[in-house]
Each structure stands twice: as C-alpha cells, then as structure tokens.
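Single-structure report; data block below.
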Amino acid sequence: MAKSSDLLQGTLDLLILKTISRQSLHGWAIAKRIQVLSGDALAVGQGSLYPALHRLENQGWIDAEWRESEFGRGAKFYALTKDGKKQLDKELKSWQRLSAGVHQLLQKA
Amino acid sequence: MRLLRIARHRCLSLLRRRRRETELDHEIALHLEALIREARAEGLNEEEAVKEARRRFGSIDRAKEECRDERRVNLIEDLIRDARFALRMLWKSPGFTLTALASLTLGIGANAAIFQFFEAVRLRPLPVTRPEELINIGIVGERRGNFRGRNGEYSYALWDELRRRQTSFKAVVAYGDSGFNLSPSGEIRGANGLRVSGNFFRELGVGAIVGRVFEDADDHPGCGWDAAVISHAFWQREFGASRDVLSRTLVVDGHTVPIIGVTPPGFLGVEVGRSFDLALPICTRPAAEIENRTVFFLSVLGRLRPDVTPEAARQEMRAISPALFEATLPSSYQPDLQAAYRRLILDTSPGAGGKSEFRDEFTAPLDYLLGMVALVLLLACANLSNMMLARATSRELEFAVRRSMGATQWRLVQQVMVESVVLSSMGAVIGGLLAPVIGRTLVAMLSSPADPIVIDFHLNARVFLFSVFVAGVATLLFGLPPALRAARAAVRGATEGRATMTFRRALLAAQMALSMVLVTAALLFARSFHNLQTTKPGFDPEGVLVAHVFLTEDRYPTGARGAVIDELADRVRAIPGVVSVARSAIIPMGGSSMGQDAKLEGSTQVENTRMSVVSEGYFDVMRMRLLEGRDVAVTDRPESAPVAVVNEELARRLSDGRDSVVGRRIRFTGSAETSPPTLIVGVVANSKYASLLEPASPIVYLSDRQRSPRDTRIRMVIRTSSAVDSLIAPVRRVVTDLDPRLNMRFTVLSRQLEESVLRERLMAALTSAFGALGLALALTGVFGVTAYVVSRRHREFGVRLAMGARPIDIVRMVLADLAFVLSLGIATGGVIAVFIGESAASLLFGVTPFDLATFAAVICVLTAGGLLAALGPAVRGSKVNPVEVLRV
C-alpha cells in the first residue's frame, strides 16, 4: 500500500503537533479543532488522523494517556512531549521558509 | 530520553499487540459516535447520520491497517510472525515435516559427527602449553637388521646423545608407550602406560592437580621404581578421585610404586587416539633394554627456542645426524648393517598435533567419510528441495492472494525462507545432539581391547561453527528454489513454467549422480572388506587360544625355565578338549615383530627377513603345511647344531628358485651373537605375519630350545576341539596350580585377526550405510518427481487416451522420459565415481577402482530401482479417465 504523500503527511503531523501544543486532547477533539481552525480546507478524512497519531507516538513526539473524557468513558489523550515541542518549532520554521519561498516564486513568475 | 521512550513504546507494541488493537477500536468507536452525534445535530436521521459519519471518517479498515503499519516495529516482528506461521504449517503436514526433519537430522548429524572426529584427530592441537612451538624429531632411513617393537624410533643411547648435542631446542622430551600389568599375580590387569623423561611434564606445561609431576631428578640411570604419575581418568576410576591418593601405591609389573601426582583432566598424553593411565620415568625400563643399542622404544619431541625457526632446527638435526648415529652405533651390527645405520637422518615435522598412529591410519578414511557424508546431505537437500517445490506449487493460490493484498515479492521470499530456516534449525539442533552419540559409537566400533582408542569429543567452537555452516548451506540449497518459485509464481500467477520443470529434472539427475557415487563407493569398500575377510592368513585361526605367561627373571632364571615350560605344556595338553600345544615368540597380527638380515652360506645375496622363535609342533597347531623337510624338534638342543625352518617366500628369495634350500646353511649378518651358521631343515607354507593386508613376507623360524627369546614371556598357542572361550578357565587353573604368582593373559586368535582389520570393517560398514541411504533418497526422489510430473500432465494424458492411445503407451512415455534423466545422472555419477575410486585406491584391497563388475551391478540396480519407483505413478497416470479430464 502506498503511503500518503510525504507533503500531506508532514503537514498533518505539523497540524496535530500545533493543535495539542497548548493542551492535550483526544482524537476526536483534535479532528474537530483542525476542522474548525482550518475552515474545512483539509478534508482528508478524519480516519487518517489515527495512523498519524501512531506515527508521532512511535517517533516520541507525543505521549498518550488514558483519561476520563466528556463522553463519560475513557479516552486516549495525546500530549506534546519536550522533544515534540522542539520538533514542532523546527517544523514550523521549515514550513514558514517553504511557504515564503513558494510565495516569492509565485509572485515573480 | 527520546530513544528510551521510543524503545519502550516499541517493546510495548510488540508485547501488547492485542491490547493496542482493542484500544484503537475503542478510539475509533468513540470518534464515530461523536461524528454521528454531530450529524444528528445537523438534522439528519439515524440512518443518514451513520452514513454521513462514515463518510467523514473515511475508510475505517484503511485507518486500522495504516495504524498497524505504523506500529510495525521492525524486521524482527515480521520474522517472528513468519516463524510462528511456519511452525503452524509444518504442524499441519506431519508427513512432510517428519520426512524433512529425519533427512536433515541424519544429514547434519552425520556431518557433524564425522567432522568432530576430523577435528579431534587432525585439527585440534595438543592440550599443552604453546603447542605451536613443538616439533616432532623423527628418524628417516632404512631400518634393517635386528629390530623389535612397535612404536619408538630411538634407543636410549640415541636419546641421550641427542639430548646432549642439540642446540635448536629449549628442551627435548622423550616418551614411549608401554603396557603395564597392575595385578600382582594371576590374570593380567592391563594399563596403558607411558615411560617419559624427567622433563616431560614440565616442558609440556602439564602441572599436577594433586601432588607433583616428575622432575629431572626422577629420571636418572639406575633409579628404582620410586614414583608414578597417574592420569585424571585413572584417578577417578581406580581411586574414586579421593584426595588420599598420594599415600597409595600401585603394583606395576610386580614392583610396588608410590603415586606422586595426578595430571589434570583433558591431558591424555601426546598421542591422539591413545590415552595413558600412568607414567613412569624411562629409567624404570629394564637395564638390559636401556643399554641395548638395538632396542628402539622412544619418541622425541622438542620445543623450539624463540629465536630459532623450524627450518633452522631441521637443518641442525640433519647436520648432527652423522655424528649422532656414529656415536650410538650398535657394536653387534655387521658391516653393511652398520653402513645402513650410519645413513639414518634426523628429520623434523610440526608437533602441535603430536604423533598419532590413529591419525596416520585414519586420515585417508576420514577424508573419504567426510566427503561421502557431504554427498548424503546434498542428496537429502535435493530431495527436500523437490518436496518443498511441490508444496510451493500447491500454495500458489495463497501466494497470489497475498500478493494482491499488498505483499511484496521479497516478503513472500522471506516467508518461504523462514520456513526453511525453521526446518533446518530444528534439524541442526537435533542433529547436533546426535553427533556426539554417533561419534562415540564410531569410536567404540573402532576400539578393541588390544588397541583401545580414546578420543576426547567435546563441543567446541569449531564443531559448533561447522554445524551452523552446514545447516546454513543446507537451508540455502533446499530453501532457495521454492522461495524463488513462490516469488515468481506471484508475479506470473500462472502454472509452472518450463524453467521449473527443467530445474526439477536437473535436480533429479543430480540426485541420481550422487546416488551412483555413494552406491559405487559402498560396493567397492564392501568387496574390499570381503576380500580381506576371505584372505587366507596361511594358518587356521579358528579354535586357537593364545596364552601369554610371564616367567619373571627373578623367579625363573634362564636355567630353570626349560623345565617349567615343558611341565606347563604337558599339563595343558592334558586338559580335555586340547588337541595340540606349542609356543612361538611372535603371534601373527599380534603387534610385535622381529627381523634379521640373512644370507645363504656361500652366497652374497642378503635378504632382510622376518623372524620368529618357535617350539616343535607350532606348525601343527597352526595347521601350516610343511612343504619340505622337517619341523624343529625336541631333539634340537642348545648343544646341537642350530636349526631353522624357512617359509616358501624366503626359500624362493634365497635360492632364486633354483635348488632346494633344505640342507644348506644360513647366516644372520645383523646380529651380535655371531652364531654358527644355521642349518635349514624344512620349508613351510607362507603365512601372514603382521597384517592381513601385506603380501607374502619371508620368515625364518628358529627353535626355541636353542635360542632363548629375549623377553620373559611365553606365548603358548593351544588348539582345542571345544569352544575356545571355555578353555580359558582350565588353562588359568593349570598355571596357578603350577605357581600361583604367575601373571598371564589370554587372547583368542580368531578375534585378534578380526580386530586387526577393524578399520576396513568400519569403512565397509559406513560406506554401505551411506550407500543404502543414498539409494533410498534417490529412489524417493524419483517417485516424488514422477508422481508430480504425471499429475501435471493429467490433461495431456486424457487427450491422448481419448485419441486412441493405450494405457501402456502412456506408461512407456513416462518411463522413457524418466530414462533419459536417469541415464544422464548415472553417466555423470559414473565418471565422478571413477575419479574418486582412483584416489581411494590405497584403501581398497584386492579391488581395482574401475571395476567393471561393480559398475555394471550399480548401474543395473539404479536403473531398475529408478524405473520401478516410477512405475507406480506412471501406471496411475495411465489410468486417467479421459472424460473427467476433458470436462471443461
């Protein structure tokens, strides 16, 4: 099976990291917030969130913890780790560089 | 920190796979519920809400699948899963698994066993300090004249002189085999002994674990029997490894000797294949033998000086040889014998492995066995490969489905290889456990009481690595073809291509070739052994008991011996069942020999001949035909003229086939006792002297009433009409009645002869086993492949039958096809067999390697066997119902 393109995957990772940078959230909440904050622009299917979450956990950027949720049942809450915060800063910077570059290119062309 | 977290996460993923799955399910369920609620809030009804929720989420299965992909830890998890799967598959087909395991276990186990032998005998250095510094110092040259003994090249004089003159070695040590008798009286209790120089243990770096080992002071001329060092094994056997052993004594050859030390376990002496029970200093050897320059009983090892190369040492040895042999010249030698002695040279060879009679005898056979056992493994692998190919083909569907679900080609190959690795690992483990058992059985088969073989088998790095290597090669050989097939099948997804068919047939041809080699070798060795067994020794060994009685000098000085010997003979003759009694100084195939240079009086031609000293009636007991003249007689006394009987071969050589030698006189030119010329009174038929393998040797028999044998042992040969074993007790009684303190030993002559060809018997037995195994494997292969081919050509046969072919035509077709493959294989195998046979010629007795009869027999057996094995499947193929097959 082909994995989702690197660009999309990288962007999703960035979004997730940013979303939980302020507080830890569970899967549904993360999806909701991305949807709300991006204005429905990213409609890749909410299911693709979970592989991304697993991947980030594998890499050690985020940590998972079972907690009581507003649903009355337990849910897995994801939080940013210290390394994750560093990674987030790094990725933000590289994203800004990339978007600035593309913007410049599009202006000149 | 991050690494730790990652590691922990991955471990947990590995171990708690199921929990992760459940957690994920839970999460997704929660998410979906929330989505549904959202949709309902937007105004959709229950059913539509669910659909909308699903749509927004995307494919659930895909999400789960991708999560699983992310969770994949690494290769290890894959391999473990594959291994588990493989085990399950193997468990499901017990027939295949058992057959495969059996072949692998036998193949790998046999290889490991033979290699263990090889390693212990040829590769492993002696368990001494810095064995690479050791050098064997041997003597090369023509040995003539009066010589005696088994091993040992140095007389005491030679050893002493060498010690004084050499400079290349830090130290030289000497040692000699001895058999000791540990029982003070009655039947001998034998022990393997070593006579060693004082510095032997110290220079080799062998310390004592209890007490001490010899020092220089322990070995000086004229010492008494003051000290014995025993081996660890002996200490355990005899004294139960008790610590008070130092206060105990042993009775050795009638002398009471205190034990001064015990050597460590693992030190068995410096000769591979032998072990020693106790060691005594050289000086305990009878003074007469030490001073006699014609008694050769020592071997010498040297430890190189650090600044001297082996080559330099060898040069020095050669350089000092002339002076050395000049200084030790036996004065009793006649001039031409002296000249031969002076020409002897010292030569060196690497000593890290010590000297070994066992190794010398078994090097060639071991090489062959190693080769043959490798062939057997190849055959087993070929068979296995075919079997696994068949399995792979039947799993085509499975592979196709996996491929469509996303498995890569390499993944499939990996899975099949894992199956093979699992199989061969199991085979290797069991085979590895089996190997020492096989090895010890082989040693037991090769040992005999007269010549016990002791080899230290223990698992060491070399043997282990070898087993792993063998298992690895086997895995590649039988695992790769089906693995590649699986990969290719997945790509094509189609029926078996021509390539695989050809490969299978090639495999079959290879199997036939290997089988041809194995069976031919088996037949050659079996015939060789049969020849050996049926070789006429020149005398009749059945029903003969040999009784060795030791008349020690102190109690039976030379004068008194005659009376005792005659009394003993008379009493033994009186035992019921005894037909005849006689004596001889040399027992055929007994391990010792005597020789002399001889020439006819009046002639200048000198022949080196073997010698024995016999009593009257010896030829009668041994049923050797007297061709001319008479036997030695009671009337031949010490005072009368010395007489001798020569054998046919000696007579022929001395007289050049001209006139009879009876009545002529013979002179011995190599001896001290310039005895008067000896009269030849008779000629006896040829017989074997030292080995059944040798051609006829010239032998001269002197009378034992005229010439006293050098040692104190009488050897009586007793022919009985009843069972030989039943004679031992009565004879023992007779001896103890005569003198309760006499030592004695018994051997059954026919058994002694058997033991002398143990090596040949073993080769015959083993090669036969391998041959049979090879044949069985090859025929199984033929059966399997033919059955498979037939099943593939199902349709074709149906069509042919429908078009009018008779069943017999189908059978003929199948067999003809097979015959081509068979003949190719047999031809190839035949050529290889000839080559191998040529190089094994030295091991064969009375059989030429390119033996037409043997080859013809093997070809017939293989062809017939192959065709028969294929007949079953062929006939089944011809019984195809065309209607069934043609049904679309």
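The values are calculated or read from the model by the stated rules, or taken from the named source; none is laboratory data. None of the values given here were measured: they were computed from a predicted structure. Here the Cβ is made from the backbone with ideal geometry for all residues, glycine too, and neighbour counts use every protein chain on show. Surface accessibility is based on the protein's heavy atoms, side chains included, excluding ligands, DNA and RNA. Shrake-Rupley method; radii C 1.70, N 1.55, O 1.52, S 1.80 Å.
Does B:F214 count as at pLDDT 90 or above, under 25 Å from B:P306 (Cα atoms) and part of a loop (DSSP other than H, G, I, E, B)? Considered against the rule, which asks whether it is at pLDDT 90 or above, under 25 Å from B:P306 (Cα atoms) and part of a loop (DSSP other than H, G, I, E, B), B:F214 comes out as yes.
Among the residues of region B:342-369, which ones are farther than 24 Å from B:L524 by Cβ and open to solvent by less than 10 Å² (accessible area, probe 1.4 Å)? B:L344, B:L346, B:G351, B:G354, B:S356 - these are the residues of region B:342-369 that are farther than 24 Å from B:L524 by Cβ and open to solvent by less than 10 Å² (accessible area, probe 1.4 Å).
In the set (1) part of a strand (DSSP E or B); (2) within 29 Å of the chain's Cα centre (by Cα), the condition left unmet by B:T256 is number (2).
Looking across region B:322-367, the residues that are assigned to a helix (DSSP H, G or I) and either of a type in the set (S, T, Y) or closer than 27 Å to B:E838 by Cβ (or both) come down to B:Y341, B:E357, B:F358, B:R359, B:D360, B:E361, B:F362, B:T363, B:A364, B:P365, B:L366, B:D367.
The residues on offer are B:A63, B:A49, B:A39, and the sole one that is part of a helix (DSSP H, G or I), open to solvent by less than 60 Å² (accessible area, probe 1.4 Å), within 14 Å of chain A (Cβ to nearest Cβ) and modelled with pLDDT of 85 or more is B:A39.
Among the residues of region B:26-36, the ones that are open to solvent by 30 Å² or more (accessible area, probe 1.4 Å) and within 11 Å of chain A (Cβ to nearest Cβ) come to 3 in all.
The number of residues in region B:66-78 that are open to solvent by less than 70 Å² (accessible area, probe 1.4 Å) and either at pLDDT 85 or above or at the interface with another protein chain (Cβ under 10 Å from one of its Cβ atoms) (or both) comes to 6.
Filtered by the rule that a residue be open to solvent by less than 50 Å² (accessible area, probe 1.4 Å), outside any loop (DSSP other than H, G, I, E, B) and either of a type in the set (G, A, S) or facing chain B (nearest Cβ under 10 Å) (or both), region A:76-96 gives A:K76, A:A79, A:D83, A:G84, A:Q87. For region B:203-213, how many residues meet the condition of being in contact with a Leu (Cβ under 9 Å, 6 or more places away or on another chain) and either hydrophobic (A, V, I, L, M, F, W, C) or open to solvent by less than 40 Å² (accessible area, probe 1.4 Å) (or both)? Summing the residues that are in contact with a Leu (Cβ under 9 Å, 6 or more places away or on another chain) and either hydrophobic (A, V, I, L, M, F, W, C) or open to solvent by less than 40 Å² (accessible area, probe 1.4 Å) (or both) in region B:203-213 gives 2.
Test B:G595 against the criterion of being assigned to a loop (DSSP other than H, G, I, E, B) and modelled with pLDDT under 90, and give yes or no. It is false that B:G595 is assigned to a loop (DSSP other than H, G, I, E, B) and modelled with pLDDT under 90. Looking across A:T19, A:T11, one residue alone is among the polar types (S, T, N, Q), at pLDDT 85 or above and either under 21 Å from B:L24 (Cβ atoms) or open to solvent by 20 Å² or more (accessible area, probe 1.4 Å) (or both). It is A:T19. Scanning region B:393-403 for residues that are basic (K, R) and outside any loop (DSSP other than H, G, I, E, B) turns up B:R402, B:R403.
Taken over region B:378-414, the residue count meeting the criterion of being within 14 Å of chain A (Cβ to nearest Cβ) and either touching a His at 6+ places or on another chain (Cβ under 7 Å) or among the hydroxyl-bearing types (S, T, Y) (or both) is 2.
Considering each residue of region B:730-750 in turn, none proves to be more than 23 Å from B:G562 (Cα to Cα) and open to solvent by 50 Å² or more (accessible area, probe 1.4 Å).
Quickly run through region A:55-70 and pick out the residues that are open to solvent by 40 Å² or more (accessible area, probe 1.4 Å) and either facing chain B (nearest Cβ under 7 Å) or farther than 14 Å from B:L24 by Cα (or both).
Hits for region A:55-70 are A:Q59, A:D63, A:R67, A:E68, A:E70.
One residue stands out among those in region A:28-45 that are assigned to a helix (DSSP H, G or I) and β-branched (V, I, T): the one that is modelled with the highest pLDDT, which is A:I30. Do we have any residue at all in region A:65-80 that's of a type in the set (D, E) and farther than 15 Å from B:E27 by Cα? The answer is no; no qualifying residue exists.
Do any helices (runs of 4 or more DSSP H) entirely within region B:777-888 hold 3 or more residues that are surrounded by fewer than 21 Cβ atoms within 10 Å (Cβ to Cβ) and free of Cβ contacts under 8 Å to residues at least 12 places away in the same chain, and if so, which? Of the helices (runs of 4 or more DSSP H) lying wholly inside region B:777-888, those with at least 3 residues that are surrounded by fewer than 21 Cβ atoms within 10 Å (Cβ to Cβ) and free of Cβ contacts under 8 Å to residues at least 12 places away in the same chain span B:807-839, B:852-878. The residue list B:G198, B:G176, B:G190, B:G254 contains one member that is of a type in the set (G, A, S) and either modelled with pLDDT of 90 or more or surrounded by fewer than 16 Cβ atoms within 10 Å (Cβ to Cβ) (or both), which is B:G198. Of all residues in region B:386-424, those satisfying the criterion of being under 25 Å from B:A510 (Cα atoms) and of a type in the set (G, A, S) are B:A390, B:A392, B:S394, B:S420, B:S424. Of the residues making up region B:404-413, those that are surrounded by fewer than 19 Cβ atoms within 10 Å (Cβ to Cβ) and in a helix (DSSP H, G or I) are B:S404, B:Q409, B:W410, B:R411.
In the set (1) within 12 Å of chain B (Cβ to nearest Cβ); (2) at pLDDT below 85, A:A52 fails one condition alone, (2).
Those strands (runs of 3 or more DSSP E) of region B:630-721 in which at least 2 residues are over 30 Å from B:I575 (Cα atoms) and out of contact with any Phe, Trp or Tyr (no Cβ under 8 Å at 6 or more places or on another chain), considering only elements entirely within it, cover B:665-668, B:678-684. Counting the residues of region B:613-641 that are crowded, with 18+ Cβ neighbours inside 10 Å, modelled with pLDDT of 85 or more and more than 11 Å from B:V684 (Cβ to Cβ) gives 5.
Note on region B:443-468: residues that are assigned to a loop (DSSP other than H, G, I, E, B), of a type in the set (F, W, Y) and open to solvent by 40 Å² or more (accessible area, probe 1.4 Å) total 0. Criterion first (within 8 Å of chain B (Cβ to nearest Cβ) and either open to solvent by 70 Å² or more (accessible area, probe 1.4 Å) or free of Cβ contacts under 8 Å to residues at least 40 places away in the same chain (or both)) does A:R73 satisfy it? Taking the combined requirement at face value, the residue satisfies it. In the set (1) modelled with pLDDT of 90 or more; (2) surrounded by fewer than 18 Cβ atoms within 10 Å (Cβ to Cβ), the condition left unmet by B:S722 is number (1).
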